[in-house]
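A quick write-up on the structure given underneath.
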Amino acid sequence: MIRVADILPKNWLDVFSPHHGQIGIGLDPATTTKATSNPSAIVVDQRVNLTHFFRLALRFKTADPDVTFYLLNTIVTGLRGRGLSVRRLCILATNERFFAVSVRKKMTGKVPVELVIESEKTTYLGEGMLMKAYLGALLVNTIDDGYLALPGAEFVKTDLRLVVRDRGTFDSEIGEDGGHGDIFAAGGAAIHAITAKGGVPEAHAVQVGTFGARPAVGRKLHPESQPYGRPQARRIC
């Protein structure tokens, strides 16, 4: 049986800056544990000035929804103990709506929760698109503009390289362990949790960059971040 202590790294709170309170959490949930099934993913983003630091990037498989809830509760409570609060928790609820609603109820009073349906439409720079395309573009633009610091873990690099841009949206190949761009999806949701205004989300109100632009010269990423270079063919990283 998987436990929260088995998922969270030791001393995970020490990587957070105590002087920057802009924190968002993205959750891409899955509730199966088969060898090739999608894992759940949680990304905790802390924005320092203009740069987004993915302080936590977690992937795990569990059929017990309480594990995911206790994990989120541990993260939120731990940050609060350090004087930091989470601006928003965004849950990708397209395929796990019952589970997402259950988590929202349990997290009431602890953190604002937004359920994101990736198949719903929104507006981005005056253009209608699905939320899935918007969240993907939000993450890719942040990478291209040089404002995203990623953990150096190999599974993060592998996860992002599974994702391809396809006909105006984003899709993912399936990894050997069932991974399906889960960190990519949760990462976009985490950035959205920080940058989106309150109320009903409107993508055009979010600070964005230019997809495909060259990274800004002179900007440094976090020393533990993984440089991926320029996209090749249709891959985003």
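The values are calculated or read from the model by the stated rules, or taken from the named source; none is laboratory data. All figures in this text were calculated on a predicted structure; none of them were measured in a lab. Using ideal geometry, Cβ is built from the backbone for each residue, glycine included, and neighbour counts are taken over all protein chains shown.
Here are a few things to note about the model shown:
- Being touching a residue at least 60 places away in the same chain (Cβ under 8 Å), within 26 Å of Leu160 (Cβ to Cβ) and among the polar types (S, T, N, Q) is a property that does not hold for Thr68.
- Among the residues of the range 123-138, those identified as surrounded by fewer than 20 Cβ atoms within 10 Å (Cβ to Cβ) and in contact with a strand residue (DSSP E or B) (Cβ under 9 Å, 6 or more places away or on another chain) are Thr123, Gly128, Met129, Leu130.
- Selection count, the range 17-67, where residues are charged (D, E, K, R), under 20 Å from Ala196 (Cα atoms) and either modelled with pLDDT of 95 or more or surrounded by fewer than 14 Cβ atoms within 10 Å (Cβ to Cβ) (or both): 3
- Within the range 95-113, being surrounded by fewer than 18 Cβ atoms within 10 Å (Cβ to Cβ) and touching a strand residue (DSSP E or B) at 6+ places or on another chain (Cβ under 8 Å) holds for Arg97, Val101, Arg104, Pro112.
Yes/no per residue for (1) in contact with a helix residue (DSSP H, G or I) (Cβ under 9 Å, 6 or more places away or on another chain); (2) modelled with pLDDT of 90 or more; (3) closer than 15 Å to Ile117 by Cα:
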site	(1), (2), (3)
Gly152	no, no, no
Arg161	no, no, no
Arg165	yes, no, no
Gly168	yes, no, no
Ser172	yes, no, no
Asp177	yes, no, no
His180	yes, no, no
Ile194	no, yes, no
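- Count of the range 71-95 residues which are of a type in the set (A, V, I, L, M, F, W, C), under 13 Å from Gly109 (Cα atoms) and touching a residue at least 60 places away in the same chain (Cβ under 8 Å): 2
- Among the residues of the range 56-65, those identified as touching a residue at least 40 places away in the same chain (Cβ under 8 Å) and assigned to a loop (DSSP other than H, G, I, E, B) are Lys61, Thr62, Asp64.
- Checked against the criteria, Leu162 does not count as free of Cβ contacts under 8 Å to residues at least 40 places away in the same chain, touching a Lys or Arg at 6+ places or on another chain (Cβ under 7 Å) and surrounded by 15 or more Cβ atoms within 10 Å (Cβ to Cβ).
- Restricting attention to the range 68-92, the residues that are crowded, with 19+ Cβ neighbours inside 10 Å and more than 18 Å from the chain's Cα centre (by Cα) total 1.
- Taken residue by residue, the range 106-114 has at least one member that is without any contact (Cβ under 8 Å) to a residue 12 or more places away in the chain, not basic (Lys, Arg) and not in a helix (DSSP H, G or I).
- From the options Gly168, Gly109, residue that is of a type in the set (Gly, Ala, Ser), more than 22 Å from Leu89 (Cβ to Cβ) and out of contact with any Gly (no Cβ under 6 Å at 6 or more places or on another chain): Gly168
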